[in-house]
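Single-structure report; data block below.
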Amino acid sequence: METYYTMRNPISCHLLSILVAFLSLSNLHATLAATTSASSTKNYTSYITSACSSTTYPKVCYNSLIPYASKIKANPQRLCNTALSVALKAASNALSTISAVSKQKGLTQSEAGIVKDCIENIGDSIDELKQSLNEMVNLGKSDVKLQIDDIKTWVSAAITDEGTCTDGFAERKVSAMVESKIRNSILNVAMPTSNALSIINTLYSY
């Protein structure tokens, strides 16, 4: 009876050891990367939470900015750019809503006048927010303090224009439906605009 012995191939054993080591390192790298990513995300979220805590509407601020946390990271200029972009988008939405109201049938002369004035005011607000965003994007290409002063002036003017939109309600008779649509639209743009100014004032307190 013959006996057969299976001898291990030393080369195969060596390759197997290398493969096991490689897989172990890969798993370690993946674990470290996931841990680092989770830590970074937490830091970015904390940065936005901290920045929004100084605003008039912190919850609105957080909810509007947190989707952009990975883009903002902990960069003050990116944070301000995003806050202004959010305000600009809200202003554009408000303009669309109020423009739709102006096309409704049955508006009284008083209501039509208020809506017309409001459209002009929101249009001015949009222009001022665009100027602010453009200046913030190009921050540092000239005198930074002067740029920040201009940005603050434009955003403040945008807030004033938004508020002026509802001033006529106290003097002229407007239906509850028209007033509600306009007030809600203005509130939805006034809050992010106010928050943007608060963030800019806090981060660039020259």
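Give, as ranges by residue number, the residues of the range 170-184 whose backbone N falls under 17 Å from the point 7 Å along Cα→Cβ of Asn63.
The answer is 184, whose backbone nitrogens lie closer than 17 Å to the label point.
Find out how many positive minus negative residues lie around Ala176, taking Lys and Arg as positive, Asp and Glu as negative, among other residues whose Cβ is under 15 Å from that of Ala176.
Surrounding charge for Ala176 is +2.
Could you list Leu107, Leu197 in order of exposure, starting from the residue whose Cβ has the fewest other Cβ atoms within 10 Å?
Listing Leu107, Leu197 from fewest to most nearby Cβ atoms yields Leu107, Leu197.
Please report Ser205, Ser125, Ser198 as a ranked list, fewest other C-beta atoms within 10 angstrom at the top and most at the bottom.
So the ranking, lowest neighbour count to highest, is Ser205, Ser198, Ser125.
Bear in mind that the values in this text are calculations on the coordinates, not laboratory data. Predicted, not measured: the structure shown is a model, and the values here were computed from it. Cβ: placed from backbone, ideal geometry, glycine included. Neighbour counts: every protein chain shown.
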